[in-house]
Amino acid sequence: MSQGTKRLLITLAIISFAIGIVLVVVQGKGQQRKSPTPAAAPTAEATTPATTLATTLATTLATTLATTPATTAEATTPAVPAAVASPATQTQITALPATVTLAGTKLLARPSTEPITTPTNLGSLNPLKDRFEIEFSASSAGINRIVFSEFWINAADRQAARRHAAAVASGASTIPPMPADAGRYQLAPVATLSRFAVPMLAAHSIEVDGQLVTLFAKVWSEIAPGHFETIVADESGTPVLRVHRVFNVAAQAGAGYDIALSQTVDNVSSSAHRVRIVQYGPSDLANSASDMMDIRRLQFGYLMNDRRDPAQASVITHDAMLERAAVVESVTAGKFDVWPTAEQKEQDQRLSWFGTTNRYFAVAVHAPMTPSVGSAPSKSLSPTIEFIRAALGDPSAADPSGAPTIFSELHSPQRTIAPGASIDFSLSVYAGPLDRAILTRDTPYSLLEMSGLIVYSMGGCCSWCTFAWLANLMVIFLDFLHDYLVFDWGVSIIVLVLVVRLILHPISKKSQIQMQRVTRGLGEMKPELEALKKRYQDDPKRMQQEQMRLYKEKGINPMGCIGGFLPTFLQMPIWMALYAVLYLAFELRQQPAFFGVFQTMGGWSFLSDLSAQDQFIPLGISINLYIFKLTSVNLLPLLMGAVFFVQQKYMAPPSTTQMTPEQEQQQKMMRIMTVVMFPIMLYAAPSGLTLYIMTSTLVGIWESKLVRAHIKATAGQPIVTKKSKTRDAIGRLYARAMERAKEKRQSTKKFKDRS
């Protein structure tokens, strides 16, 4: 095989490898990596059977509805999710009996006053006052949805809201219209559970002395906005327990995205009772229509046992993340518990927080961090949550994969309450963005290490190639550039290109010079190589030895051309990490490039969101092309292809060997792959990534011109000034391998001669 063919095949392999990595990232939609399998049922101490509660209490509905005033249509429907339609799931779950009779007494929940008809919302949509507005459910004392006051679904609405706020603040005579509230981003259940809507953080039931009493019905009264109350009474209507659920939000918008949920159980009877609270926790969040892949996860923060961490001060987040696919697979197999696993039980780890995330937002329950007398606030959720189970709901209409929605169930420990006493099952809820500035600096999130909710990884088979550690460093550097130097994310990306190119310049320059000199040296050696081929055409081994001798004499390493691709290989991790940053970093969500100059041109959407396509010409329709959905004509990928063409046509080193027609065709196909395939694969990628690659290529062209000028200025110098010391590591290893092979052949020949 000729040297030209070898170089062509090596180059083709490198380009194919690079395109393969991009294909893995872009086509990683819906794929999830394997996660630790959740453990099986909890310990035998728990009185609740080792099943999810999605299908329990089905036989109690008649009793519950008979004692519940049917004031609305909602009250006439079963309040507890019925059996899941999947036969596989039904065979794994055993329904509980209607009630457990204890000393001839059956317990039922009822409203303390009037049942709720239309609950009062908490918070507001005024960004100067509140972070969000909470809409409660009329049953189960849960949350129907959380609507943010300052976050919008798309960049256009966000920019319109900012223009409106700026005009109002400046007292302008003409005030631009405010976008409709429907454009605000909200957190809400994305699907149903057994065909019933399940509000977030809804109360499911209370277990009293082994008897399970449903709270998922119209059994609640509203005492005040966010304050709900129900009474657990016996058959005669005599109150036994009084249950309170009180939601509170911060009084000021700058105080964070926390919701305090105070849950207390008062014993109003004359005897002690053992109680356990069961409620729904964070469930699947919505996957945006513009998301190229599903990276929703279940994540945990935990404390080590007293022996390993006596102060209970360090919250651990590593090895405590579950991908959706692993949870679905585990629950389908009949393993419902997601916390604690068998290993976590063995090590006596204590839960500190648990949350679900999507691309940009999270809902997480965490320790309330209420200070105790004479001690620091506890970081443990153990008094409120003993174990967590997952239940599979119905598929979301917005999820094209058809995968079921995951719901979580929070089971408290069983605790004894004395007559006239109260027990606290309180917790706090974070409902907000995956913003490093909030989760790493604000309390209590920084104390609880809730920055662990932020994971710059594409998940699935792409986890290994997204370099999360490098992505974290990149976000910090981009933050610094934006906040202190250039004050624009698009300019920050360009500065990042220059910094990376500057760091890699010595390597790039050396490798390009080496490649150019090797190419020129091989051209000068061509007559001698042709002569060796003719002289030893019947002895390939001798010809190979003579070629190596000639390479040594001339100081040429035939593998030296590979060094010219070293800068590209070194930049591949940066490209992958930057892809994860631009796709997942909340800081870049809906951020325009170049100070929003294009948006001043009549609200043009071009480069209005660096985390999305550049939208040079929006089409107004969506065309499914399998690889991506065509919703707009994007300019940057087309410009990137043109830049690649210029680089290939004018900056590629001239060939010093005559190629066969087959080799020329192969080289032509390689150029087409680079010029056409890369723009296609990155067409729907974040525009910030395309901006980075295109800018880096332009800088690389300018850098190559400087290197070529340097080589031209030193063209009269000899190619080799030293012999053995100038050979690189690959050449030395190749020569040693040849020597070892020669010694082995000689020893084998001597052994045969002796025998």
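Fewest Cβ neighbours within 10 Å first, please rank ARG308, ARG296 accordingly.
On the way: ARG308 12, ARG296 23.
Fewest to most other Cβ atoms nearby, the residues stand as ARG308, ARG296.
For GLU386, list long-range residues whose amide hydrogen, built 1.01 Å from N in the peptide plane, is under 5 Å from its own amide hydrogen.
Amide H to amide H, under 5 Å and 5 or more residues apart or across chains, GLU386 pairs with HIS411, SER412.
Given H placed 1.01 Å from N in the peptide plane, which residues other than close sequence neighbours of ARG297 have an amide H under 5 Å from its amide H?
Correct list: THR357.
Sort the following peptides by mean Cβ neighbour count (other Cβ atoms within 10 Å, averaged over residues), highest first: 199-207, 412-420, 627-635.
Final packing ranking: 199-207, 627-635, 412-420.
In whole Hz, with x marking every Gly and Pro, tabulate ³J(HN,Hα) for the range 382-392 from phi via Karplus 6.51 cos²θ - 1.76 cosθ + 1.60, θ = phi - 60°.
Going residue by residue, I get 4, x, 10, 10, 9, 8, 10, 10, 10, 10, 9 Hz, with x marking Gly and Pro.
How large is ³J(HN,Hα), in whole Hz, for each residue of the range 636-647 in order, when computed from phi with the Karplus curve 6.51 cos²θ - 1.76 cosθ + 1.60 and θ = phi - 60°, using x for Gly and Pro?
Those phi angles translate into 4, x, 5, 5, 4, x, 5, 5, 4, 5, 4, 4 Hz.
Taking other Cβ within 10 Å of each residue's Cβ, how do HIS227, HIS482, HIS710, HIS366 sort, fewest first? Numbers along the way, then the final one.
Working: HIS227 17, HIS482 20, HIS710 13, HIS366 24.
The fewest-first ordering by Cβ neighbours comes to HIS710, HIS227, HIS482, HIS366.
May I ask for the net charge around PRO340, where only other residues with Cβ less than 11 Å from the Cβ of PRO340 are counted and Lys, Arg are +1 while Asp, Glu are -1?
Numbers: positive: LYS345, ARG350; negative: ASP337, GLU343, GLU346, ASP348, GLU386.
Surrounding charge for PRO340 is -3.
Mind checking which aspartates and glutamates have their Cα closer than 17 Å to the Cα of LYS744? Skip sequence neighbours fewer than 8 apart in that chain.
Once the sequence-local aspartates and glutamates are set aside, what remains near LYS744 is ASP753.
Along each of the three principal axes of the Cα atoms of the range 177-233, give the extent in whole Å, ordering the values from largest to smallest.
57, 31, 14
Using the Karplus curve 6.51 cos²θ - 1.76 cosθ + 1.60 with θ = phi - 60°, work out ³J(HN,Hα) for each residue of the range 574-583 in order, rounded to whole Hz, and write x for Gly and Pro.
My calculation for the range 574-583 gives 5, 4, 5, 5, 5, 4, 5, 5, 5, 7 Hz in order.
Can you list the residues, at least 5 places off or on another chain, whose amide H is less than 5 Å from the amide H of GLN613, using H built in the peptide plane?
SER687
Output the Cα-based Rg and Dmax of the range 288-417 in Å, rounding Rg to one decimal and Dmax to a whole number.
Considering the range 288-417 through its Cα atoms, Rg and Dmax are 16.4, 54 Å.
Beyond 25 Å between alpha-carbons counts as too far, so tell me which of LYS509/LYS534; LYS129/LYS379; LYS510/LYS552; LYS649/LYS712 fall in that bin.
Details: LYS509/LYS534 37 Å; LYS129/LYS379 29 Å; LYS510/LYS552 20 Å; LYS649/LYS712 19 Å.
As for pairs spanning more than 25 Å Cα to Cα, those are LYS509/LYS534; LYS129/LYS379.
Listing TRP353, TRP489, TRP604 from the residue with the fewest other Cβ atoms within 10 Å to the one with the most, what is the order?
Values: TRP353 29, TRP489 24, TRP604 16.
Neighbour counts put them in this order, fewest first: TRP604, TRP489, TRP353.
Since every read-out is calculated from the coordinates, none of them should be taken as a lab result. What you see is a predicted model; the values in this text were computed from it and never measured. As a convention, Cβ positions derive from the backbone with ideal geometry for all residues, glycine included, and neighbour counts pool all protein chains shown.
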